[in-house]
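Everything on this sheet refers to the single structure shown next.
Coordinate-derived values only; no laboratory data. Predicted, not measured: the structure shown is a model, and the values here were computed from it. When we count neighbours, we look across all protein chains shown, and the Cβ atoms used for this are built from the backbone with ideal geometry, even at glycine.
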Amino acid sequence: MHRPLRALLDISVPIVQAPIGSAVTPDLVAAVSGAGGLGTLALTWCGADGATERIRAVRSRTGRAFGANLVLDFPIHDVLDACLRERVPVVSTFWGDPAGVHDTIRRGGARHVHTVGSVAEAVRAAEVGVDVIVAQGFEAGGHVRGRTSTMALVPAVVDAVGPTPVLAAGGVADGRGLAAVLALGAQGAWIGTRFLTATEAATHDAYRHRVLDASVDDTAYTGCFEVGWPDAPHRVLRNETLASWEAAGAPAAPHRPGEGDVLATTPDGRRCLRYEDQPPMPGMDGDVDAMALYAGEAAGLVHEIAPAATIVRTLAADAAAILGRPV
């Protein structure tokens, strides 16, 4: 029998901050964990030394549990080894078969969380023995694994993999969404887009305000921003790059409109090209609105900038009020 989610992840509220790529900071992770949820570092592209630095930065800010996320489509073994040397309590994986790393994670003393986009993937993850399964619906922002909506996928995964705990991802940005996925049988929510506007997130101001101004109809599921991570569909806010590419018939490289354009530069001088998978970060200068603006459909429910701890507490309190019980 699997233990309940809270005991497995050492959390007091059923909220996990999704690994929102380069927008994640140690301050964000520590704030979410400090409020009783689980903050998650995005470490796939950091290298072992960068991962170690970020892990230690989180640990200097909180004594609570936190997680590290790794994308299995990339070489991650050195980073995984760093996570386990640093005794990260929770390691989450995505985009691939978790079997190749599961035994290493468990031997290293960490809990293993794996994100899936279908019932078949969920069953495979349960067979492997992962501790928690994240059922990611089609509404989700960033890279999207499957094509089934959260409303349909979550209960189907819960039925297929019980008693393994399930987290729901995609479309949750407020207490109503949290209450809904708990009613569907999930034991918590995996939330990304809402944390893009947290004060601790490394989100460029232009990107942050695009999220705040978005409606639920302003995102697209696409393969447009594939430089750096090919063959990985994603959901982004619509912008000029996407519109031009679609108008041209969505051609493949090197025949895309504006191929090779430098859209922005980082403070250290790195050039960011059109169609890269890089979202805008603070300090970038240029046409950042034409870059990859990852966001889920729930962007239309995000209306304010707030500290991460406030977001966690508000989500939990609002869900509790709806359900008539603590969450």
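Zone of Glu259 (label point 7 Å along Cα→Cβ, backbone N under 19 Å): which residues in segment 235-249?
241-249
Ordered by residue, what ³J(HN,Hα) values in Hz, to whole numbers, does segment 313-325 give under the Karplus form 6.51 cos²θ - 1.76 cosθ + 1.60, where θ = phi - 60° and Gly and Pro are x?
5, 5, 4, 5, 5, 5, 5, 4, 5, 5, 7, x, 7
FRET efficiency for Ala152 and Leu323, Cβ-Cβ distance as r, R0 = 22 Å, nearest 0.05?
Efficiency computed from Cβ-Cβ geometry: 0.55.
At a threshold of 8 angstrom on Cα-Cα distance, excluding pairs fewer than six apart, so keeping six or more, what relative contact order does segment 159-309 reach in percent?
Relative contact order comes out at 30 percent.
Under the rule of at least 5 residues apart or a separate chain, name every residue whose amide H is placed under 5 Å from the amide H of Leu41.
Here Gly67, Ala68, Asn69 satisfy the definition.
Figure the gain on full extension for Ala48 and Phe74 (residue separation times 0.36 nm, minus the Cα-Cα span) and round it to one decimal in nm.
8.0 nm
Expressed as an acute angle from 0 to 90° and rounded to the nearest 10, what is the orientation of the C-alpha long axis of helix 47-59 relative to the principal long axis of the chain?
Helix 47-59 sits at roughly 60 degrees to that axis.
Please compute the contact order of segment 151-201 in relative form: average sequence separation of alpha-carbon pairs under 8 Å and at least six residues apart, divided by the residue count, as a percent.
Numbers: 54 pairs, mean separation 18.5, N = 51.
In percent, rounded to a whole number, it is 36.
Determine, for each peptide in 312-320, 288-296, the mean count of other beta carbons within 10 angstrom over its residues, then list the peptides with the highest first.
Highest to lowest by the protection proxy: 288-296, 312-320.
Cα-Cα pairs above 15 Å in segment 3-81: how many percent?
Value for segment 3-81 (Cα pairs over 15 Å): 53 percent.
What number do you get for the chain when its Cα radius of gyration is normalised by 2.2 N^0.38 Å, N = residues?
0.93
May I ask you to compute the full-extension gain from Ser12 to Ser244, defined as 0.36 nm times their residue separation minus their alpha-carbon distance, rounded to one decimal in nm?
Contour length minus Cα-Cα distance gives 78.9 nm.
Under 8 Å for C-alpha pairs, at least 6 residues apart: give me the relative contact order for segment 63-200, rounded to a whole percent.
16 percent
Between helix 150-161 and the chain, what is the angle of the helix's C-alpha long axis to the longest principal axis, kept within 0 to 90° and rounded to the nearest 10?
40 degrees
How do the peptides 174-185, 134-145 rank, highest first, by the average count of neighbouring beta carbon atoms within 10 Å per residue?
The packing order, highest mean first, is 134-145, 174-185.
Sorted by average packing, counted as other Cβ atoms within 10 angstrom per residue and highest first, what order do 115-125, 12-22 take?
12-22, 115-125
Got a sec to turn the phi values of segment 4-14 into Karplus ³J(HN,Hα) couplings, 6.51 cos²θ - 1.76 cosθ + 1.60 with θ = phi - 60°, whole Hz, x for Gly and Pro?
x, 3, 4, 5, 5, 9, 6, 10, 10, 10, x
Calculate how large, on average over all directions, the projected area of the Cα convex hull of segment 205-299 is; give the answer in nm² to one decimal.
Approximately 5.8 nm², given one-decimal rounding.
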